[in-house]
Amino acid sequence: MTTRIGTIFAQEFRLARRNLWVGLATGILGLFAVVLGIFGAGQGAALDADALTLTAASLATLSVYLIPLIALLMSYDSFAGEIERGALALTLASPVRRWEVFAGKFAAQSLAVGVAIVLAFGAAGAFLALSFGTGSDGIAAWLRLMATAFVLGSVFVGFGLMLSAMAGRTATAAASAVGLWLVLVVIYDLALLGSVMAASDGIFASQVFPWLVVANPADAFRLYNLALIETAPVAGIDGLASTLPFPPTAALAVLGLWLSAVLALGIRRTKRIVP
Amino acid sequence: MTQPILDIRDVSLSFGSFKALDGVTLAVSPGERLALLGHNGAGKSTLFKAVLGFLAQGEGTITVAGHRPGSDVARIAMSYLPEVVSFPQSLTGREVLAYFSGLRGASRSEIDGLLDRVGLADAADRRVRTYSKGMRQRLGLAQALIGAPRLLLLDEPTSGLDPVSRHDFYTVIAEAAARGCAVLLSSHGLEEVQGQTDRVAILSRGRLRASGTLAELAAAAALRTTIRVTAKKGHADRLQADLGGRRMNGCRLEIECAPDAKLGLLLQLGHHREALHEIDVFAPSLNDIYRYFSDTKGDQP
Ligand SMILES: Nc1ncnc2c1ncn2[C@@H]1O[C@H](COP(=O)(O)OP(=O)(O)OP(=O)(O)O)[C@@H](O)[C@H]1O
Ligand SMILES: [Mg+2]
């Protein structure tokens, strides 16, 4: 079992590297981190806050868009493309179990996203810390950001693989990945904001709304990071971060739940594939 | 007699209301090579996929090494070469084989030998992207041979190969069969598999029309031999009067006869030596035999 998962893992990771996914993702994430950092350092001087802490806050907000996108792009074609080209039939004709194929692909692509995050954010963080100085709070915020970004990436890799197994065709898988990204990352927040403004009775805003926000994995990631950064200048839906009715770690639990859910669903869909 | 490694009994399979396989019965024993012939859409690939356990089986039973398709034992016992082979473009041939060897739990030390056997030793460390169609096909065969499988399922393994590569391909397959591996391969024509397989099965519109050795098929078809006689000027009428047959033109006569009547007819022609210009004998071709069984006329049971 471990040899087979390891074999799939090694091949998928090699493909992610050779297809320049890792390099490209590292470049994009690193670039944004540095730009936000330099921008934040200017603000930080005025606010008398730590540059790394401030950047962690703004980067958390931006990562909500970028990391799911990168994770979905890396994974959406993984099953669908192989089904279309007939390559999956060869893999599934071997004694490998279907869940092993899913697990191997998931581990490799999550790691690819993770490597990009560690390289990009790590280098950017080191650069910012050395250029503008920082304290232990800043470093803690930065490490939290990197760790949770990795989990967020894994959740969306799981989503992408599940959609890919479900769609079975590249075009369908691409469309559903884009749709998922739009719904979870863009439309969900807008809809919630709209409803909280419409329902002005206070019960919804104070009791239901926070749970609805944290139920979305992307928002859970952002809330967790922002809630633990006191100086974070927050606006809109993120204002919630300072008035959460539950401890911030609940957001981590949500990410964990989503991760188990997409893995379980993805494996179920993989078992139904007809190559 | 040895237990067949692949046993297909009365298998039917439908896509919606379309019956892709209809009561197919077939068995392949260790060391035996069986060619499955059929027109486009006859159901060859569908049968392979059913044996692999990819398709929910309708009626009938399939066993591979005594086990259900898709079970661990079945998948360990067999390996597969699909009709369209596709490997990740950015991997090298060696990496592709290492991948399948990892999945089959085989030793990596056999990879070099396999690459050599299919003639890819020189291209082993090049990306698959740079391979020609034939090279990819060879890589596909090498992949199927990993871990010494007991049953090889090869779906149109030689389509698109040049005659030399094709011959090499069958040599490798024969080596595997000599080691006791059962081979089921599909193809479009009898000529191609003549002499390369022990038995032939003909599938048409999802039904098995015939199966046996080539000689058995030829005998069962009992196709008539045609003898074409070209007479010297002015002798054609007399020849026809004596031997029967159809006049094609002023001096040409075509006589059809059962295969075993051919010799007698030729001896009879010997009596007319002075009238003969030329004799051509057309035994039924493999193509004719194939057409005979594959024809939809055979639809009536
Ligand atoms: N997934 C499917 N859904 C519906 N019909 C299918 C499906 N797969 C195959 N068929 C039909 O089943 C029949 C047999 O197809 P199959 O691929 O087995 O043919 P084949 O003998 O391999 O032909 P070829 O020589 O062209 O490869 C065809 O009529 C095809 O249209
Ligand atoms: Mg076919």
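The values are calculated or read from the model by the stated rules, or taken from the named source; none is laboratory data. Because the structure is a prediction, the values reported are computed rather than measured. So basically every Cβ, Gly included, is an ideal-geometry build from the backbone, and we count neighbours across all protein chains shown. The accessibility values were calculated without ligands, DNA or RNA, using every heavy atom of the protein model including side chains. Shrake-Rupley method; radii C 1.70, N 1.55, O 1.52, S 1.80 Å.
Data for the structure
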read-out: Matching helices (runs of 4 or more DSSP H) fully within segment A:28-120 where at least 3 residues are within 14 Å of chain B (Cβ to nearest Cβ); value: A:80-85, A:87-93
read-out: Any hit, segment A:205-215, residues being touching a residue at least 40 places away in the same chain (Cβ under 8 Å) and open to solvent by 30 Å² or more (accessible area, probe 1.4 Å); value: no
read-out: Every residue from segment B:123-138 that is closer than 17 Å to B:P82 by Cα and of a type in the set (D, E, K, R); value: B:K133, B:R136, B:R138
read-out: Set B:L190, B:L217, B:L185: member being within 14 Å of the chain's Cα centre (by Cα), closer than 14 Å to B:L26 by Cα and touching a residue at least 12 places away in the same chain (Cβ under 8 Å); value: B:L185
read-out: Residue match in segment B:22-41 (condition: near ligand 1 (Cβ under 8 Å from one of its atoms) and either under 22 Å from A:L90 (Cβ atoms) or basic (K, R) (or both)); value: no
read-out: Evaluation of B:S45 against (1) within 14 Å of chain A (Cβ to nearest Cβ); (2) away from ligand 1 (no atom under 15 Å from the Cβ); (3) more than 22 Å from B:A178 (Cα to Cα) (one fails), failing number; value: (2)
read-out: Residue list for segment B:5-38, restricted to those being touching a residue at least 60 places away in the same chain (Cβ under 8 Å), open to solvent by 60 Å² or more (accessible area, probe 1.4 Å) and over 21 Å from B:R75 (Cβ atoms); value: B:K19, B:T25
read-out: Enumeration of residues in segment B:60-103 that are crowded, with 22+ Cβ neighbours inside 10 Å, in contact (Cβ under 8 Å) with a residue 60 or more places away in the chain and away from ligand 2 (no atom under 16 Å from the Cβ); value: B:V64, B:M78, B:S79
read-out: Subset of segment B:227-276 (residues that are part of a loop (DSSP other than H, G, I, E, B), out of contact with any helix residue (DSSP H, G or I) (no Cβ under 9 Å at 6 or more places or on another chain) and closer than 30 Å to B:A215 by Cβ); value: B:G244, B:A258
read-out: Residues within segment B:1-24 that are under 22 Å from the mean Cα position of the chain (by Cα) and of a type outside the set (A, V, I, L, M, F, W, C), tallied; value: 7
read-out: Single residue of segment B:48-59 satisfying the filter (more than 9 Å from ligand 1 (Cβ to nearest atom) and not charged (D, E, K, R)) that is farthest from the other protein chains (Cβ to nearest Cβ); value: B:G58
read-out: Residue check for A:A87: in contact with a strand residue (DSSP E or B) (Cβ under 6 Å, 6 or more places away or on another chain) and either under 23 Å from A:G135 (Cβ atoms) or open to solvent by less than 20 Å² (accessible area, probe 1.4 Å) (or both); value: no
read-out: Tally, over segment B:8-59, of residues that are within 12 Å of ligand 2 (Cβ to nearest atom) and assigned to a strand (DSSP E or B); value: 4
read-out: Entirely in segment B:60-142, the helices (runs of 4 or more DSSP H) that have 2 or more residues that are under 25 Å from B:V164 (Cβ atoms) and more than 11 Å from every other protein chain (Cβ to nearest Cβ); value: B:93-103, B:110-117
read-out: Counted residues, segment B:134-167 - those being within 16 Å of ligand 1 (Cβ to nearest atom), modelled with pLDDT of 90 or more and open to solvent by 40 Å² or more (accessible area, probe 1.4 Å); value: 0
read-out: Matching residues, segment B:180-226, being acidic (D, E) and either touching a Pro at 6+ places or on another chain (Cβ under 8 Å) or in a loop (DSSP other than H, G, I, E, B) (or both); value: B:D198
read-out: Close pairs from segment A:250-275: first within 14 Å of chain B (Cβ to nearest Cβ) and on the phi < 0 side of the Ramachandran plot, partner of a type in the set (V, I, T) and part of a helix (DSSP H, G or I), Cβ under 6 Å, at least 6 apart; value: A:P275/A:I83
read-out: Only one of B:T226, B:T230, B:T213 that is under 30 Å from B:S45 (Cα atoms), β-branched (V, I, T) and surrounded by fewer than 19 Cβ atoms within 10 Å (Cβ to Cβ); value: B:T213
